[in-house]
1. Quick check on region 346-356. Is at least one of its residues closer than 18 Å to GLU317 by Cα and open to solvent by 70 Å² or more (accessible area, probe 1.4 Å)?
2. Please tell me if GLN557 is farther than 18 Å from VAL506 by Cβ, outside any loop (DSSP other than H, G, I, E, B) and at pLDDT 80 or above.
3. Mind checking which residues of region 160-194 are open to solvent by 70 Å² or more (accessible area, probe 1.4 Å), in a loop (DSSP other than H, G, I, E, B) and under 22 Å from ARG281 (Cα atoms)?
4. Can you find even one residue in region 206-220 that is at pLDDT 85 or above, in contact with a Lys or Arg (Cβ under 6 Å, 6 or more places away or on another chain) and either open to solvent by 60 Å² or more (accessible area, probe 1.4 Å) or aliphatic (A, V, I, L, M) (or both)?
5. Name, by its number, the condition in (1) modelled with pLDDT of 85 or more; (2) in a helix (DSSP H, G or I); (3) open to solvent by less than 60 Å² (accessible area, probe 1.4 Å); (4) not aromatic (Phe, Trp, Tyr) that does not hold for GLU57.
6. Which condition number in (1) open to solvent by less than 10 Å² (accessible area, probe 1.4 Å); (2) within 18 Å of the chain's Cα centre (by Cα); (3) not small (Gly, Ala, Ser) is the one that MET89 fails?
7. Check off (1) modelled with pLDDT of 90 or more; (2) in a helix (DSSP H, G or I); (3) small (Gly, Ala, Ser) for ALA132 and give me the number that stays unchecked.
8. Which members of region 99-152 meet the condition of being small (Gly, Ala, Ser), surrounded by 19 or more Cβ atoms within 10 Å (Cβ to Cβ) and over 14 Å from the mean Cα position of the chain (by Cα)?
Amino acid sequence: MTLRVTPDNLKSEVEAAVKFREEYSKETRKLVQRYTGRFYRRGREPDEPVVSNHAYEFLSVLLPAVAFDNPRCRCTALDPNISDGYSTMGDRATAIGAALNQWSSDDEISQQLGDAAVDFFFSWAVFMITTADKPGTKGFEMVPQKPYLMHLMNHHFSLDPEAKTNNPLSHDGPRHMEHMWRADVDDLMEDDLYNSDVVRDLAEETDLTEYNEGVSRGPGNPLDIPDRHEVLVWDVWVPEIQTPSADGEYDPAVNGTIFSLARGHHPGGMTKKAEFIRDPRPAYCPPWGPYVIAGAYKVPGSPYPLGPLVATAEEAERVNAHEASAALDAANHKNFAYGKSATNAGDANRIKQIRHGDIALLDDPETIGQMEIGGVTNSRYQYLEHAHESLNRRSGLSDAMRGQVMGGSTATESAIAQSGGESRKAWLTRSFRNAISKVFRSAAWYAFYGEDFHYRLSGDAQSGGVVEYRGGLYSGMDDFNFFDLGLVIDPLSIEHTSASLLQQRVTRAYEALAGSAPAMSQTPWIQWREPLRALFESLNIGEIDDWLDSSKLAQSQEEYVQLQREQQAQQQMAEQAKLKSVERRDKPADRPVKSVFPAMANARQIGQSTLAG
């Protein structure tokens, strides 16, 4: 039985999904307010003083390791030799990888990834990956497309509350996923894709409070934002409902159906009415949907992941509470002198006015003493140190990760501690990198099937003979299958690289290249560019083409092969001449015989002639 997709029923589904999501995200907003502190925004101050800002420290240490630079990927084909008569699957995979790397750099998606990484640490991050027109092509008859990445706010996204996982391909995954967006009513009225009558009716009293997290529009709103005449829409993706294409044939690039649902006040003014502002449409997206959710830790039986700052929030609160109490005790600390009020009035004035190094003459010094009240005790300091160490162990923050080198431990203990911290860091970076890989795989889906997807390539791709890439499946490509493509994100392309580490990597690359150079031209049967490219990617120091001129290498290899052929030909000619010479020596009857004793022959002839005479 499929999901009922009437406007009223989908409205109920979305409202239940939003209510379910709020059970997870409501408390997280308190963590965000404590992260920003009371000096960031008036009216959004934390509910208690923030003395120990664990969230800020955690993010400042781990954000550069998770999302620092634009990612790079490598795309390969399971069978690169499949051909349509013009190109092979291997060529197509190389071109898709080059196009995605160029998109990553041109769109600077590291900014979107960095914003999402903050959500990733607090709770979870949500991406939506679709397509958009390439900039500078407005008015073209055939507008080329490119991938388009959006980082969605958590309160703009929801999913089926009965799901046990957020993977739509799982048997217990969500039956619907959705996100909200807003648009100007005038723009929708002018767009032929939308029902102008429905948009006009819904726009009369549209409430945007849900979109703005409690801040309404129009008169009386706390931020004095004027009414912008907008409408709020939910795009609901239902994977189990397949909308046939116009010709009734199956389209492998279509998975599920998208319903654009909007809510407005009923003309009676009592209830809100839901309507579809456009016809349901086939979802041009991958089988896993247009959304990608990045989460650090899985919670059994829950579709929403667990963020590390949520997992350690209770302990961080405890540390902050004791830090705040200790700070208050320190502020109330008093150290003062005392004496008898009847006899020490003059002495009190002298003590208050005396300067360091002066000599004070007191009337009754024996009755004057010193007293200390308040302050932080040693036991309080010991407990705070224990609480911080405990929080650091839970969260995985070590002194080495902070960039601090502390003494007092053996080299083995330091190595073990660093290894434990690195493993926790590696899990977080891997979890976020998996989400990035899925984002790139979604972009590759649009590149593979999109007939309007067009990219002019440069650098790495052009050196391999690929100048541009055009998507879509055409005649002769029946054996081309998207799931035969493999895509790997270069892990080091995301992380921050220090100057010393970069120097080490460059030195390793130079040594490898210089050591291989003498053998490159002499071993043309080895594809030297591939292992060197893999080395440069693993070191994250740029493209191999910045160091290696592939055309000159190919020319050098051709010259070496030609020289080898010439030398081989000369050697063969020399060996043939040598063989002929040996054959002549082995057959003396084949050549004229000359006497080695000509004088004796002449004497014999003279003697014979004399005897005859």
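1. No, every residue in region 346-356 fails to be closer than 18 Å to GLU317 by Cα and open to solvent by 70 Å² or more (accessible area, probe 1.4 Å).
2. no
3. The answer is LEU169, ARG175, ASP192, LEU193.
4. The answer is no; no qualifying residue exists.
5. Against the list (1) modelled with pLDDT of 85 or more; (2) in a helix (DSSP H, G or I); (3) open to solvent by less than 60 Å² (accessible area, probe 1.4 Å); (4) not aromatic (Phe, Trp, Tyr), GLU57 comes up short only on (3).
6. (2)
7. Among (1) modelled with pLDDT of 90 or more; (2) in a helix (DSSP H, G or I); (3) small (Gly, Ala, Ser), ALA132 violates only (2).
8. Within region 99-152, ALA99, SER123 qualify.
The values are calculated or read from the model by the stated rules, or taken from the named source; none is laboratory data. Since this is a predicted model, take the numbers as computed values, not measurements. So basically every Cβ, Gly included, is an ideal-geometry build from the backbone, and we count neighbours across all protein chains shown. Each accessible area value is taken on the protein alone, full model and side chains, heavy atoms only, with ligands, DNA and RNA left out. Shrake-Rupley method; radii C 1.70, N 1.55, O 1.52, S 1.80 Å.
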